[in-house]
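Read through the structure below, which is laid out as structure tokens, and then see the notes.
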Amino acid sequence: MQLEAQPSAFPNAEFEQLMARYQQADPGAVAVLVERLSPQLYRFFASQLGNRADAEDMLQDTWLRIHRVRHTYRAGDPVLPWVYTIARRVRVDNYRKRIRISTRETSVDVLPEVPTRNDETSSLPSFEELVAVLPESQREVVTMLKVNELSLEEVARATSSTVGAVKQKAHRAYQQLRNLLEQQQFAQAAPKGAAR
Amino acid sequence: MTCHDIDNLISSKPGNALPPPEAAAHLDTCDECRALIGVLNEERKLAGLPAVQLERIQASIVKTLKPVRPLAPASLFLFACAIIFLSIAAIGVIPFGMQGWGALGIGQRVAVFATLAGSAVLLGVSIVGQMVPGSKYALAPAGLPVGILTVLLILIAATFRPQADPGFVENGLTCMKNGLTYSIPGALLFWLLVRRGAILFPKLIGAAAGGLAGLIGLSVLEMNCSNLDVYHVLVWHGGVVVISSVAGALLGAAVEYIDRLKRHKVS
């Protein structure tokens, strides 16, 4: 059975038309784009940061940046990778800014908000808890694939990488997650065994 | 079906789509894969985005909304890069002559100039791709300038042999000066060409544009310098590419810094 992922055909013709209208200064197109893309971008930030206030700030920054570089969008190109490349850049800049600030002042840490779980009885850790232990690049790839529902090719474009490199990062991430889950299950099973 | 096949399936299915029936047999027997899919496919409930936030974003954009001219097609930028490269290289060959070309053997000519041409095309394509966020890459742009430089240095080391060179530093500095004389205007012209697109990744584009400009200098030197000593070519000819790339990256970093200061003032 052939399991190689097929690149998606980017069925986002509507987004492409909206971007073209945005470049022509159509306020209606701006409204639709902000409304449609913001929830996804917010999830992208919130899933990785676990802090709503920071995610909202970065969303605002991302739109300001999108507005500033809107001329770099070329008609016919897929919109989502273009948007996520900018979002990713905003996240990296924000991360660097935090490092600069934290070296100058002692900040009061804001505790990350743990996302609510659907199944409270489940013994498995949540997605956010699990991916938090992955290296930055792997966490980003898994978030884009599973939370933002981008295809492999879209992730490759958004991360200025190749499909092969994205697949490799995803596989490494899955392997690490498997190991973590195995440890969790083992740790949960151990006390039961000891009680017997 | 193996765990690796399941990984491929997970990556190829968007979001939390359920695995196909053919994966069921493996999932029945593999606890790790079942747990992994359970976590990746869990329905995530993140708090919603406040409507007021969206309105604020829309208002801030609409306030400064003006029509913009999209970037020209990639082919046009590539053509312009080729014209700049070839014109400056040709201008460089005219005053100094082609003694270097005459001194090289056929094998050396093919190896050196084919690699130079290939590297220039790769860097040009990479620069033009980086101007548009979300472009498709066959080679990751971050490692390309370093990769090309490494290939060039290995090629020089393999193609040339050590020869007596009594004026190593003196001749070398002259060569480097000649090479940079053509690299610097090339770098400026490349920067003028790509500056509208060098907003998100100025450092990377700067390094690539500097590298491409360095290749102009290296091409001029290979055409006119008859000194075939491997150390001379490695240090002084190769040095032109290194200096140009580093200078391009530093220029890009400066642009990024200035841009950050501007944004900081605005916010």
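All of the numbers you see were taken from the coordinates with simple rules; none came from a lab. Predicted model only: the values in this text are computed from it and were never measured. Every residue, glycine as well, gets a Cβ built from its backbone with ideal geometry; the counts of neighbours run over all protein chains shown.
Structure notes:
- Counted by neighbouring Cβ atoms within 10 Å, the residues B:191, A:82 run from fewest to most as B:191, A:82.
- For the stretch B:253-259, 3J(HN,Hα) computed residue by residue from phi via the Karplus equation (6.51, -1.76, 1.60; θ = phi - 60°) reads 5, 5, 4, 4, 5, 4, 4 Hz, glycine and proline entered as x.
- Only Lys, Arg, Asp and Glu carry charge here, each on its Cβ (+1 for the first two, -1 for the last two); on that basis the protein assembly as shown has a dipole of about 1340 debye about its Cα centre.
- Averaging the sequence gap over all C-alpha pairs within less than 8 Å and six or more residues apart, then dividing by the number of residues, gives the stretch A:10-106 a relative contact order of 31 percent.
- Convex hull of the protein assembly as shown built on C-alpha atoms - directionally averaged projected area, nm²: 28.8 nm²
- Site pair residue A:14 and residue B:165 shows an inter-label distance of 6.4 nm when each label is modelled 7 Å from Cα along Cα→Cβ.
- Label-zone membership for the stretch B:213-227, site residue B:109, 7 angstrom Cα→C-beta point, backbone N under 18 Å: B:219-227
- For a 4.7 Å threshold on C-beta separation, the list of partnerless cysteines in chain B reads B:3, B:81, B:175, B:225.
- Label-to-label distance, nm, for residues given as residue A:71 and residue A:100 (7 Å Cα→Cβ offset): 2.5 nm
- Helix axis angle, B:202-224 relative to chain B longest principal axis, alpha carbon, degrees: 30 degrees
- Estimated FRET transfer efficiency when R0 is 30 angstrom, pair residue A:92-residue B:69 (beta carbons, to 0.05): 0.60
- Shielding by partners for peptide A:67-76, expressed as the average number of C-beta atoms from other protein chains within 10 Å of each residue's C-beta, is 6.
- Calculated from backbone phi, Karplus (6.51, -1.76, 1.60) coupling profile of the stretch A:130-142 in Hz, x at Gly/Pro: 5, 5, 4, 8, 6, x, 3, 5, 6, 4, 4, 5, 5
- Candidates B:159, B:115, B:29: whichever shows maximal mean-square fluctuation once chain B is modelled as a Gaussian network with Cα springs under 10 Å: B:29
- Using alpha-carbon coordinates, inclination of helix B:3-12 to the longest axis of chain B, degrees: 90 degrees
- As a length-normalised measure over Cα pairs under 8 Å and 6 or more apart, the relative contact order of chain B settles at 22 percent.
- Across the stretch B:225-237, rounded Karplus estimates of 3J(HN,Hα) from the backbone phi angles (6.51 cos²θ - 1.76 cosθ + 1.60, θ = phi - 60°) give 9, 8, 7, 9, 5, 4, 5, 4, 5, 4, 6, 8, 7 Hz, Gly and Pro being marked x.
- Taking the stretch B:183-220 and a reference point 7 angstrom along Cα→Cβ of residue B:91, the backbone N atoms nearer than 16 Å belong to B:183-193, B:213-220.
- Choice from B:22, B:222, B:55 with maximal GNM fluctuation in chain B (Cα, 10 Å cutoff): B:22
- Expressed as a whole percent, the proportion of Cα-Cα pairs in the stretch B:129-267 lying more than 23 Å apart is 40%.
- Segment residue B:154-residue B:78, extension gain: residue separation times 0.36 nm, minus the distance between their alpha carbons: 24.7 nm
- Cα gyration tensor shape of chain B, rounded if a/c is under 1.5, else prolate or oblate by comparing a/b with b/c: oblate
- Once both labels are positioned 7 Å from their Cα atoms along Cα-to-Cβ, the gap between residue A:53 and residue B:177 label points is 6.0 nm.
- Springs join every pair of Cα atoms under 10 Å in this Gaussian network model of chain B, and among B:206, B:102, B:92 the largest mean-square fluctuation is at B:102.
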